[in-house]
Amino acid sequence: MAQYHITLNDELLHGLFTRDEGLAKLLEQVLNQILEAQVEEQLGARRYERTEERKGYRNGSYPRQLTTRVGRLTLRVPRTRDGEFSTELFQRYQRSEQALVLALMEMVVNGVSTRKITQITEELCGTSFSKSTVSSLCKGLDPIIQDWNYRSHHEHVYPFVLVDAIYTKVREDGRVRSRAVLIATGVNEEGYREILGLQIGNSESESSWSEFFGWLKDRGLRGVDLIISDQHGGLVQAIEKHFQGATWQRCQTHFIRNILDAAPKYMQDALLEEIRGILHAPNKQTARLLLEQVLAKWEEKVPKAMQILEEGFEDATAVLDYPDRYRRRLRTTNGVERLNEEIRRRERVIRIFPNRESVYRLVGAVLIEIDEKWMSGRKYLDMAEYWQWRKTKEQGVRSVNQVAPAIKRVG
């Protein structure tokens with residue numbers, strides 16, 4: 001990854017704290033210095049430098065305006081004589097920015113905004129927008145998001161899959177409706193996380209989740225061994241239907257919350273420690289022994305909470321069958337929850353989306369950036385031990401299958 005050294009003068013730093021436009025000026029100067037560093041890197045020489053490594057010559061620069069949430073910036077984009085200088089600055093890092101701007105603009109253009117929303121648009125974007133501007137930006141952004149969301153997954157297998165949904169408000173047929181945004185992330189055979197896709201459903205019903213899972217499988221999702229999610233009736237039924245043979249791990253964070261909600265507040269801290277002891281046990285056998293002890297101790301005091309604990313025990317401790325090093329990251333959907341927080345941080349500005357396309361645009365743009373960061377970063381899990389564990393487990397199953405017919409014949 002390229003490293004850039006940014007210099008800031010005293011006047012700019014002073015303006016950052018004393019003027020409203022200080023942040024925009026700061027961002028403008030930083031981006032201009034990045035562009036300058038990129039052209040130097042591409043040409044192999046600094047301005048006016050004579051060197052044998054030089055690959056070309058400058059030809060001035062041209063201004064380009066960039067609309068951001070801190071205001072409109074004017075950048076000086078370098079030119080080269082051969083016209084081959086290029087930068088990803090305006091594409092890769094502006095998707096979520098464009099999506100946010102588009103969602104705000106559509107509110108104005110479609111006539112569903114209030115005076116407050118108009119003010120927010122101008123404050124965040126530094127300008128007002130026409131329908132032609134909206135159309136132009138959509139043509140550039142929408143195909144990128146659609147191509148990413150419909151990309152093939154045939155190249156990898158995904159032993160671990162996490163699924164969750166967030167709700168957002170969308171204006172449809174003249175009414176504001178609550179819609180579920182279904183999101184799936186997976187860990188591939190190499191240990192890298194990927195965002196597998198998103199879909200908007202009318203609710204978290206079995207039919208919505210079934211459609212989502214069928215769509216993912218049509219795009220190549222395979223090799224699923226463990227699915228982690230919260231407990232929603234429709235979701236669990238859809239998992240059983242589409243991923244037969246896979247193990248379902250109930251999110252322990254949500255499971256604990258369900259139990260504590262059924263207990264008086266003054267008992268919750270003590271009960272929490274007991275539940276964590278069960279869920280973090282070294283193996284299933286120990287977890288069952290601890291479960292019996294906790295049930296005997298608390299059943300008369302909080303019967304409803306103990307009923308939830310007993311009924312959900314098997315699903316909440318499914319991860320204990322897996323090697324210890326994988327349990328911490330596979331016992332909850334906390335990784336997906338952090339994704340949701342990133343979406344909420346931007347979605348909070350919009351509050352009500354003007355249409356479904358706007359939801360796909362903003363959420364998709366955010367997820368693309370996170371997905372690229374994951375795939376170019378460090379591995380989420382080292383999968384070597386998992387694959388050895390799977391191999392040993394499958395060999396054990398084959399041995400049992402070979403011995404069983406012989407025992408039957410002897411009997």
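Return yes or no: is residue 50 of a type outside the set (Asp, Glu), out of contact with any Lys or Arg (no Cβ under 6 Å at 6 or more places or on another chain), at pLDDT 80 or above and surrounded by fewer than 16 Cβ atoms within 10 Å (Cβ to Cβ)?
Against the criterion (of a type outside the set (Asp, Glu), out of contact with any Lys or Arg (no Cβ under 6 Å at 6 or more places or on another chain), at pLDDT 80 or above and surrounded by fewer than 16 Cβ atoms within 10 Å (Cβ to Cβ)), residue 50 does not qualify.
For segment 191-218, which positions are farther than 27 Å from residue 177 by Cβ and in contact with a Ser or Thr (Cβ under 7 Å, 6 or more places away or on another chain)?
The answer is 193, 194.
Residues that are within 19 Å of the chain's Cα centre (by Cα): list the strands (runs of 3 or more DSSP E) wholly contained in segment 189-260 that include at least 3 such residues.
Numbers: elements: 193-201, 226-229, 247-250.
It comes to 193-201, 226-229.
Considering 355, 340, which residue is in contact with a helix residue (DSSP H, G or I) (Cβ under 9 Å, 6 or more places away or on another chain) and farther than 27 Å from residue 282 by Cα?
Working: 340 fails: in contact with a helix residue (DSSP H, G or I) (Cβ under 9 Å, 6 or more places away or on another chain).
It is 355.
Pick out the one residue from 188, 149 that is surrounded by fewer than 21 Cβ atoms within 10 Å (Cβ to Cβ) and modelled with pLDDT of 95 or more.
149
Consider residue 252 carefully, then state whether it is within 30 Å of residue 193 (Cβ to Cβ) and out of contact with any Asp or Glu (no Cβ under 8 Å at 6 or more places or on another chain). Talk me through it step by step, then tell me what you get.
Details: within 30 Å of residue 193 (Cβ to Cβ): yes; out of contact with any Asp or Glu (no Cβ under 8 Å at 6 or more places or on another chain): yes.
For residue 252, the condition - within 30 Å of residue 193 (Cβ to Cβ) and out of contact with any Asp or Glu (no Cβ under 8 Å at 6 or more places or on another chain) - is met.
For residues that are basic (Lys, Arg) and in contact (Cβ under 8 Å) with a residue 24 or more places away in the chain, scanning just segment 340-388, find the one that is farthest from residue 148 (Cα to Cα).
351
Scan segment 295-328 for residues that are more than 26 Å from residue 227 (Cα to Cα) and buried (at least 19 other Cβ atoms within 10 Å of the Cβ) and jot them down.
Taking segment 295-328 first, the residues more than 26 Å from residue 227 (Cα to Cα) are 295-304.
298, 302, listed by residue number.
Residues that are modelled with pLDDT under 80 and outside any helix (DSSP H, G or I): does segment 24-38 have at least one?
The answer is no; no qualifying residue exists.
The values are calculated or read from the model by the stated rules, or taken from the named source; none is laboratory data. All of these numbers come straight from a predicted model, not from anything done at the bench. When we count neighbours, we look across all protein chains shown, and the Cβ atoms used for this are built from the backbone with ideal geometry, even at glycine.
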